[in-house]
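Peer 1: Can you read through this structure? Questions will come right after.
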Amino acid sequence: MDRVEIMVGGGNGGDGVVSFRHEKFVPLGGPDGGDGGDGGSVHITADRSATTLDYFRRKRRFKAVSGRSGGKQKKHGAKGDDLVIKVPLGTMVFLKEDEQEVLLSDLSQQGQKVLVAKGGSGGLGNVHFATSRNQAPKIATKGEPGGEHRIVLDLKLIADVGIIGYPNVGKSTLLAAVSKARPKIADYPFTTREPALGVVEVGMKAFVLAEIPGLVDGAHLGRGLGHEFLRHAERTRVLLHVLDGRSPSIIDDMNNLNRELALYKPEMAQKPQVVVVNKVDLPEVQARLLEIRQLFSSLGIKAFFISAITKQGVSELISEIAKILEEVQEKGTGSEVPMAVFRPKPKVRRGKWI
């Protein structure tokens, strides 16, 4: 569940009150009605403890605490508590109005927060309405309602490297071999139902590796797991293209999947890519290994030959990825997503007789 729509509402402001001093020996004490407290606001924040949007499958409406009404003796009502909603890093927050979506924030860093629903202001007590002509006003204002908005949460994982490839080429096995991630591994297609992340350590440095679940021909049209997972490859800086060494059409496999990436978004095809031939430990692959090497060499493609199970060639592959990541970082590739500034429309305070 990588995209979800929720309703958020700020807390209502507390009402101002009409009250007059009633103290011994103080005749005509005058108004002393206090103001209502402001309603709490709703914020969405990025938190590493959240990894998916599955929580929003069960709950779609969120509202902050309303402010309390004012009291006698000019007592101010308590402010409503703010509501903070935690989402995974990489969640894009959109404001949805009239079927149009406006980006509010791209929550890509720990603790980054965005206001999505402002609490209503508290009403004014009658102490504010005393004049020389009306020294005993019986008027106060209601608290303003909190803002309500439809919000779309769109999760796109943030990783340095994305592992792509057809189903069952060994992506999960490779992720488990180079990190502490423990994805589900089985011998049937689409074992992985959601992206998995792992941290790979290279000397004193580390990078985040994401397994993008198996893609198929027509993925750019939504076939197979289609757009659901292609979108997660958008933010990776380098693509690790894993191929099955047993495939009789290994070059076609590589070209077809690259075409799917380009058809989904042209800029995807421009990302640096490392080509990996997996399962070289199998006898049938060993028998044609020289042929496969010559095939890639004739196309001018530098391919790495590994076995994710035995870890043959894996250390050389990881070193090469780390080197490419450094080069990408030095070039400063990657574009910033334009940010919209969310300014809730002010409400007009209206006086009401209480």
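Nothing in this text is a laboratory measurement; each read-out follows from the coordinates by a stated rule. Keep in mind that this is a model prediction, so the values were computed, not measured. Heads up, the Cβs are rebuilt from the backbone with ideal geometry, glycines too, and the neighbour counts pull from every protein chain shown.
Peer 1: Apply the Karplus curve 6.51 cos²θ - 1.76 cosθ + 1.60, θ = phi - 60°, to the phi angles in the stretch 297-309 and return the couplings in whole Hz, x for Gly and Pro.
Peer 2: Going residue by residue, I get 5, 5, 8, x, 9, 7, 10, 9, 10, 9, 10, 5, 6 Hz, with x marking Gly and Pro.
Peer 1: Could you tell me the extents of the stretch 19-159's C-alpha atoms along the three principal axes, largest first, rounded to whole Å?
Peer 2: In descending order, the Cα extents are 73, 32, 25 Å.
Peer 1: Go through the stretch 318-323 residue by residue and turn each phi into a ³J(HN,Hα) via Karplus (6.51, -1.76, 1.60, θ = phi - 60°); whole Hz please, and just put x for glycine and proline.
Peer 2: 5, 4, 5, 4, 4, 5
Peer 1: If we sort 32-40, 270-278 on the protection proxy, mean other Cβ atoms within 10 Å, highest first, what's the order? Before the final figure, lay out each step's value.
Peer 2: Working: 32-40: 27.6, 270-278: 20.0.
Output ranking for 32-40, 270-278: 32-40, 270-278.
Peer 1: Straight-line reach from LYS311: which aspartates and glutamates have a Cα under 14 Å away, not including same-chain ones fewer than 8 places off?
Peer 2: Cross-link targets: ASP281.
Peer 1: Sticking with the crude label model, points 7 Å out along Cα→Cβ, report the distance from LYS86 to LYS311 in nm, one decimal please.
Peer 2: 3.3
Peer 1: Of LYS63/LYS113; LYS180/LYS302; LYS265/LYS331; LYS24/LYS79, which ones are farther than 24 Å apart at the Cα?
Peer 2: On the way: LYS63/LYS113 17 Å; LYS180/LYS302 28 Å; LYS265/LYS331 21 Å; LYS24/LYS79 32 Å.
Exceeds cut-off: LYS180/LYS302; LYS24/LYS79.
Peer 1: Using the count of nearby Cβ atoms within 10 Å as a rough guide to exposure, how do ILE151, ILE139 rank from fewest to most?
Peer 2: Least to most surrounded, the residues fall as ILE139, ILE151.
Peer 1: Sorting check: for 66-74, 247-255, 313-321, 282-290, which peptide has the highest mean count of neighbouring beta carbons within 10 Å, and how do the rest follow?
Peer 2: Going by the mean number of other Cβ atoms within 10 Å, highest first, we get 66-74, 313-321, 247-255, 282-290.
Peer 1: Report ³J(HN,Hα) in whole Hz for each residue of the stretch 80-94, in order, from the Karplus equation J = 6.51 cos²θ - 1.76 cosθ + 1.60 where θ = phi - 60°; Gly and Pro get x.
Peer 2: Residue by residue, the stretch 80-94 yields x, 5, 5, 10, 10, 9, 8, 9, x, 4, x, 8, 9, 10, 10 Hz.
Peer 1: Now, a different point. With charges only on Cβ, +1 for K and R and -1 for D and E, what is the dipole size of the stretch 3-155 about its Cα centre, in debye, rounded to 20?
Peer 2: Numbers: 23 positive and 18 negative charges, 140 e Å.
The calculation lands at about 680 debye.
Peer 1: Pull up all non-local amide H partners of VAL202: gap of 5 or more, or a different chain, and H-to-H distance under 5 Å with H placed in the peptide plane.
Peer 2: Here the answer is PHE207, since their amide H atoms fall under 5 Å of that of VAL202.
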